[in-house]
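Worksheet: the structure to be examined is printed underneath.
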Amino acid sequence: MAYDKELTAAIKAASLAARLCRKVQKGLVQSDVRSKSGRRHQSPVTVADYGSQALVSFVLQQEFPGEFSLIAEEDSNDLRKDGAGAIVERITELVNDFLTSDGSYNVTLSPEDVLKAIDSGKSEGGSQGRHWVLDPVDGTKGFVRGDQYAVALALLDRGKVVLGALACPNLPLTPTGVADPHCRKDEVGCLFFAEVGGGTYMQPLDGSSAVKVQVSGVENPEEASFFESYEAAHSMHDLSSLIAQKLGVKAAPIRMDSQVKYGALSRGDGSIYLRFPRDGYREKIWDHAAGSIVVTEAGGVVTDAEGNPLDFSRGRKSTEPVPTSSSTKNSSFNRCSYVQF
């Protein structure tokens, strides 16, 4: 395939970052969590967000020197303020620990190297060239609660998503209620990856063998289940409920943080994902790039509220603050997902 080298690098970078995030979450302390400055609504950011972004940025720059463009959520502005020295040292130590454990790069980064790696995510993207798209910890509120979150990495080529790696450290390898003799019930940590035209695969975070996955084959809406955001501030739950009723869906919604929903959808844990942001909110492309290709390559369909494909070619944000949904193929529930923005 045309993007094999890039996909291999994406899997490596997302896996390393996910392991860093898992270590931080297991020993999370209050000093690891900060609030982003300049936000109207409180938005948490952790050492895992920064460490993950620095780690992914460094790995990709090593693998693709001279042709690197990254669109990512975080920057180092708050870390460069007085009093942030201790947290910068903590992030630097984490990044170096995981670079050492990987063994591919004989390097020790300085705090300034780490800050520069974080700031390499300021690309504006667009419809020309290649751009990596990263959410270093998608679902930070879930991460802080000890719940679901994802490291979401994708590659755009001339405005189109051509590959994605979606690491979900807290997602069980086997969906609830599914018997798999090869998986223990307590095994968690999945990595979903997809390349355009190549299907979607899932493997454990430890890198063992991958399996191809497909979206749900449910055809009757009454038998379908749907995902929606855990946080009511991220999506209008009342509207999702109304639409589900009109579709005839009887099951209660499965509420989950982050793009983990895309991963779960791609392997058939549910049939629909509804997301309707509140008025005036503009979606960020890093919140959907990796997840969207994971679902579409698994046989699903991802559209905006008007049934159009999502547009990742207009920069860091979507062009309009419209809802998003993912719908079934050919307007049926067969092998589909419905994700509405």
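Summary of values
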{"read-out": "Loop-resident sites, segment 1-101, for trypsin sites (Lys or Arg not before Pro), counting at most 16 other Cβ within 10 Å (DSSP)", "value": "39, 40, 81"}
{"read-out": "Within segment 11-39: backbone nitrogen closer than 15 Å to the residue 67 label point (7 Å, Cα to C-beta)", "value": "none"}
{"read-out": "Relative contact order of segment 87-202, defined on C-alpha pairs under 8 angstrom at six or more residues apart (%)", "value": "16 percent"}
{"read-out": "Spin-label model distance (nm) - residue 306 vs residue 212, 7 Å beyond Cα toward Cβ", "value": "3.6 nm"}
{"read-out": "For segment 203-216, Karplus couplings with θ = phi - 60° (6.51, -1.76, 1.60), whole Hz, Gly/Pro x", "value": "9, x, 5, 6, x, 6, 3, 9, 10, 6, 10, 9, 5, 4"}
{"read-out": "Counted charge near residue 197, where neighbours are those whose Cβ lies closer than 15 Å (Asp, Glu -1; Lys, Arg +1)", "value": "-3"}
{"read-out": "Estimated distance in nm for a label pair at residue 245 and residue 30, the labels positioned 7 Å out from Cα along Cα-to-Cβ", "value": "4.3 nm"}
{"read-out": "Segments 46-54, 107-115 sorted - mean Cβ within 10 Å per residue, highest first", "value": "46-54, 107-115"}
{"read-out": "By average C-beta atoms within 10 angstrom, highest first, the peptides 212-224, 187-199", "value": "187-199, 212-224"}
{"read-out": "Gained length - residue 37 relative to residue 130, 0.36 nm times residue gap less alpha-carbon distance", "value": "30.4 nm"}
{"read-out": "Residue list for segment 57-101, given a label point 7 angstrom along the Cα-to-Cβ vector of residue 113 and an amide N cut-off under 13 Å", "value": "58-59, 62, 92-101"}
{"read-out": "Interchain or long-range residues, amide H under 5 Å from residue 310's placed H", "value": "304"}
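Every read-out reported here was derived from the displayed coordinates using simple, explicitly stated rules and does not represent laboratory data. Keep in mind that what you see is a predicted model, and the values were worked out from it rather than measured. Note: ideal-geometry Cβ built from the backbone for every residue, glycine included; neighbour counts use all protein chains shown.
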